[in-house]
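To start, the structure under review is shown below, and the notes come after it.
The values are calculated or read from the model by the stated rules, or taken from the named source; none is laboratory data. Just so we're clear, the structure is a prediction, and the values are computed from it rather than from any experiment. Here Cβ is always computed from backbone atoms with ideal geometry, including for glycine, and neighbour counts include all displayed protein chains. Side chains are part of the model used for accessible areas, which takes the heavy atoms of the whole protein and leaves out ligands, DNA and RNA. Shrake-Rupley method; radii C 1.70, N 1.55, O 1.52, S 1.80 Å.
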Amino acid sequence: MDENQTEVVRDFVLAGFSQIPSIETGLFVLFLFFYVSTWIGNVLIMVTVASDNYLNSSPMYFLLGNLSFLDLCYSTVTTPKLLADFLDKDKLIPYDQCIVQLFFLHFVGAAEMFLLTVMAYDRYVAICRPLHYTTIMSRGLCCVLVAASWMGGFVHSTVQTILTIRLPFCGPNQVDNFFCDVPPVIKLACADTFVIELLMVSNSGLISTSSFVVLVSSYSTILVKIRSKEGRRKALSTCGSHLMVVTLFFGPCIFIYARPFSTFSVDKMVSVLYNVITPMLNPLIYTLRNKEVKSAMQKLWDRSGLTWKKQET
């Protein structure tokens, strides 16, 4: 670094959504509702799957419970800081905390992408090879696939973080988003980042795009292999919720990461979709049309009410 660039950035300023207090107060209430709903919905799914013997032994619901846990982690990486910044005029985040947020954002996000791909494979086996489903999708294999998803996310995030921390930051310090992510952060570096941007786009963009292609291909294969109209109807009913999750999650990710790091005015709203909205909607999407989960939740509610009445007496 040159002598006239000895000042090192120690804090970043998050741009947030608005600087108007009245608007920020309303946004705080709205996003607090989103965050609380995310916790209630995903914790409810995790408890339901863990407490029901049938769901807990089913590969699909075992994976669904892990997805809910990832959604909780993913939302918690960014939303609490966003809520605090709605009440804070400065919106500062120390450099170290920014890097930590960036690391866990990509760690959990990539792990969720891989897990969604695993869930697509699970549906393929269940629909196209139903007689061998329990043999192929054993609990041991499910645990290995979940662990592989976490490991894949860790490797991906480590690469992204290492490329970022090697850059010098000595000039502007305003991150043009409500959280620390690779595209807006590396634009603040006091160095030529063209090669780094290509590496990061090929990393994040390739993972999100290829995972999406694999998911769509797997569902297309399922529909092609099923001949009967009744079978296709059941397949669409089973996979419809998963396809909705895939579209809501991968669409914004591809838009953000599979293009050169240029800024668009809609980037913040797109980021809200996969950071805040999707983790909240996943429990609703997976339970509204799922009779088994709703039945297990009803049993859990009945048992809780019975236990509460016994305690009262």
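Counting each DSSP H run of 4 or more residues in the chain as -39500 (n - 2.57), what helix-only mean residue ellipticity at 222 nm follows after dividing by all residues, to the nearest 500 deg cm²/dmol?
-25500 deg cm²/dmol
Looking at the stretch 1-94, which trypsin sites (Lys or Arg not before Pro) are in a loop (DSSP not H, G, I, E or B) and have at most 15 other Cβ atoms within 10 Å?
Taking the stretch 1-94 and a limit of 15 other Cβ atoms within 10 Å, the loop trypsin sites (Lys or Arg not before Pro) found are Arg10, Lys89.
Per residue, how much accessible area does the stretch 257-302 have with a 1.4 Å probe, in Å²?
Counting only protein heavy atoms, the per-residue value for the stretch 257-302 is 54 Å².
Can you compute 3J(HN,Hα) from phi for each residue in the stretch 84-101, using the Karplus curve 6.51 cos²θ - 1.76 cosθ + 1.60 with θ = phi - 60°, rounded to whole Hz and x for Gly and Pro?
5, 6, 4, 9, 10, 5, 6, 6, 7, 9, x, 4, 4, 5, 4, 5, 5, 4
Report the full-extension gain for the segment Arg303 to Ile254: residue separation times 0.36 nm, less the Cα-Cα distance, to one decimal in nm.
Gain in length upon complete extension: 13.3 nm.
How large a share of the accessible area of the stretch 90-188, in percent, is made up of carbon and sulfur atoms when the probe is 1.4 Å and the other protein chains stay in place?
Its accessible area is 68 percent carbon and sulfur atoms.
Across the chain, how many lysine pairs separated by 8 or more positions, or lying on different chains, have Cα atoms within less than 28 Å?
Close lysine pairs found across the chain: 22.
In what order, largest first, do Ser265, Ser295, Ser271 sit by accessible area if the probe radius is 1.4 Å?
Result of the area sort, largest leading: Ser265, Ser295, Ser271.
Working with all protein chains in place, sort Thr278, Thr134 by solvent-accessible area computed with a 1.4 Å probe, largest first.
Reading off the accessible areas and sorting them downward yields Thr134, Thr278.
Using the alpha-carbon centroid of each, what span in Å lies between the stretch 42-71 and the stretch 81-105?
31 Å
Could you size up the charge dipole of the chain around its Cα centre, putting +1 on the beta carbon of Lys and Arg and -1 on that of Asp and Glu, and report it in debye to the nearest 20?
Magnitude of the dipole: close to 1980 debye.
With label points built 7 Å along Cα→Cβ from the Cα atoms of Asp88 and Val224, find their separation and express it in nm.
If labels sit at Asp88 and Val224, their model points lie 5.2 nm apart.
Mind checking the per residue accessible area of the stretch 1-138 for me, 1.4 Å probe, whole number of Å²?
48 Å²
Which FRET efficiency, nearest 0.05, do Lys187 and Ile23 yield, Cβ-Cβ r, R0 30 Å?
According to the calculation, E is roughly 0.70.
When you count, for each residue, the other Cβ atoms within 10 Å and take the mean per peptide, how do 60-67, 140-147 rank with the highest first?
Ranked from most to least packed, the peptides come out as 60-67, 140-147.
If you rank Ser228, Ser18 by how much accessible surface each has, with a 1.4 Å probe, what is the order from largest down?
Largest accessible area first, the list is Ser228, Ser18.
Please report, as a whole percent, how much of the solvent-accessible surface of the stretch 20-70 comes from carbon and sulfur atoms (probe radius 1.4 Å).
Roughly 79 percent of what the probe reaches on the stretch 20-70 is carbon or sulfur.
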